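Heads up: the structure comes next, in structure tokens.
The values are calculated or read from the model by the stated rules, or taken from the named source; none is laboratory data. For clarity, every value in this text was computed on a predicted model and none was experimentally measured. Virtual Cβ from ideal backbone geometry, glycine too; neighbours counted across all protein chains shown.
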Amino acid sequence: MPLISSVTGSFFAGRRASAYGGGGGGGSGSSPDISSASFANSFDTATQATEPTDLWFNDDGTKVFVADNSSNTIYRYGLTTGWDISTASYDSVSYSFSGSTVACNGFTFNGDGTSFYIMGNDQGGTTPDNIFQFDMSSAYDIANASLVGFGATGNASNVAVDNTPHKLMFNNNGTKIYIIGSQNDTVYQFSLSSAYDITTISYDNVSLQIRTQTNNPRGMKFGHDGTKLYVLDSEGTSPVALDLYTMSSAYDISTLSYDSTVAINASGIIRPEGLYLRPDGTSFYVQDGHKTFATAEIYQYNTNAL
């Protein structure tokens, strides 16, 4: 069985599923029509996060959280106008997870903002990397977060499903978690026997390689009802792009099929890492990567809603 921490499942009782939060789906809201995407604004995170890997918004779009691999820290920014990234500024609020992992490839929140999860990448080879869970007594209060458990992204033989896992996301109720890896350019599905409790993770032996269309996968998010999957095709792809896949059965990646692609390089993006979808489908946000090689900016694209 995969290696897990000793934190008991009872600690996680009462975790609420998401109505829809930028990557978990849930039925309400809408999904973005990427064919209508137009660049709107950008915001530079490099003063704090020089090697950003992922981002997440709170429910009303007035806060955005950026995970930085260089400092092993999550930084919080405030937006004076919800969802308008041009109005962002640093809140002087952060949380260091350096005591848990030395490499962060991605992060996500649970449905009600009372837990967040870090995708570690400090093992290598066949040793599974861990997903670390941090809890907060108040939603999105990252300054007061605490590590409560971890679970490994390995198969039943405790062998890594992918030696370079990048991003992670939940289904609509926290009973499934998905990671995407660049070793095999594949999406992998895991189950959680207790919703949002990462210590109860186990591999479903379900995966789908997407290398034909997406050969440098990074950020990924489900659409609002779990029948669409959006995946960033990053540096090494020409041009860098956002790929759309559809599923005939919600959250069932075995039914995944390619739909379409939109280039996102015209605005200046070089190494896209993180992706977030606004819940009403009218915009999406891309976190560009390492300041030395890219821009370390958040780019906002406005879209029509599907």
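Annotation: of all residues in the range 253-306 being in a loop (DSSP other than H, G, I, E, B) and within 16 Å of the chain's Cα centre (by Cα), the one that is surrounded by the most Cβ atoms within 10 Å (Cβ to Cβ) is P279. The condition (being farther than 19 Å from D204 by Cβ and not small (G, A, S)) is satisfied by just one residue among F134, F170: F134.
Checking each residue of the range 41-59 against the condition of being of a type in the set (F, W, Y), modelled with pLDDT under 55 and under 23 Å from S283 (Cα atoms) gives no match. Close contacts from the range 33-46, counting a first residue that is surrounded by fewer than 14 Cβ atoms within 10 Å (Cβ to Cβ) and a second that is among the aliphatic types (A, V, I, L, M), with Cβ to Cβ under 7 Å and a gap of 6+ residues or different chains, come to S35/V262.
Determine, yes or no, whether Y90 is under 26 Å from G174 (Cα atoms) and either touching an Asp or Glu at 6+ places or on another chain (Cβ under 8 Å) or among the aromatic types (F, W, Y) (or both). Criteria not met by Y90. Residues D233, D252, D225, D259: which one is closer than 15 Å to I180 by Cβ and of a type in the set (D, E)? That would be D233, the only listed residue that is closer than 15 Å to I180 by Cβ and of a type in the set (D, E).
Scanning the range 175-188 for residues that are small (G, A, S) and within 14 Å of the chain's Cα centre (by Cα) turns up just one, G181.
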